[in-house]
Amino acid sequence: MADQSFGKALGLARKAWETAKERAKEGGFQDDIDDGRYYTRIKSAEIGQSKSSGRLQVAIRYLILDGQYKGKVKSEYPGLETEDNLMWFGRKIAALGYEIPESFEEIEEIIEELNKGETFVQISLRTKGEYQNVGIVRTLEPSDLEDEGISTDVEESATSFKKEELEKETEDVELSEGSRVSFSAKGKKLEGEVIEILAEENKARVKVEGKGVFKLSPEALTLVEEIPEEPEVEPEAELEEETEEEETEKKPSKKPVKKAKKVVKKKR
């Protein structure tokens, strides 16, 4: 069933791309840059489906090569289902140095190329509302990084999620309003309650006591299992009942005791 839905989603995406590619050509990929810029290597790029919603998307992981977050991975999940999704992704492809593809098959080829881990880019991270966008500043050659004194031989830090671990944690996540979830933010583990599901954005709004509200993708969330409380036993009531029974047994009966009459039989 999953393979059939995946194939169907791919077919719809290929059809939608015919219109989306024209819209993507209308303007370059633009993104305001406020949070910061980082030199990165695209560690992986894979087309797949969201574990929680089934949405067709691309998982792109950027390995940061410089600064205090060196070795960390920033992930994003551009959608591929709607015409608007594809239009924005087409602009991202253009920002990565590719021509706007003529077919969806060409998009798949570009994603495979990015997945080789040989693409270097400078990205911008900008917080908009309650989540962070990834913008492409420029593509780079290894020699550009060498000129900046930045090594391209950087390994992912141990604190970053490996793909297998991420899939394992999100495989069976089914979010709903009221769900208790945990997630990591700036190196700290937080726990809160899902207050709203934003289906169109594939996001969930999570309220954390004393910290505010966060808008996060399902992939970043882990369900917190709530252990049901055992019903409390009221021993006092049982003791009182037992005591009453004991007192009843000890108290003498108030009814008068009739003395047995002696019957004398006459001899014949």
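The values are calculated or read from the model by the stated rules, or taken from the named source; none is laboratory data. Here the structure is a predicted model, which is why all the values come from computation and not from measurement. Heads up, the Cβs are rebuilt from the backbone with ideal geometry, glycines too, and the neighbour counts pull from every protein chain shown.
Taking the stated definitions as given, is Ser53 polar (S, T, N, Q) and at pLDDT 90 or above? No: the conditions fail for Ser53.
For the stretch 119-132, a tally of residues being crowded, with 17+ Cβ neighbours inside 10 Å and not hydroxyl-bearing (Ser, Thr, Tyr) returns 5. Taking interchain pairs and intrachain pairs at least six residues apart, which have beta carbon atoms under 8 angstrom, with the first residue in the stretch 123-149 and free of Cβ contacts under 8 Å to residues at least 24 places away in the same chain and the second assigned to a strand (DSSP E or B) and surrounded by 13 or more Cβ atoms within 10 Å (Cβ to Cβ)? That search, which allows pairs on different chains as well, returns Arg138/Val121; Arg138/Gln122; Glu141/Phe120; Pro142/Phe120. Being surrounded by fewer than 18 Cβ atoms within 10 Å (Cβ to Cβ), under 25 Å from Leu216 (Cα atoms) and within 22 Å of the chain's Cα centre (by Cα) is the requirement here; does Gly71 meet it? Yes: the conditions hold for Gly71.
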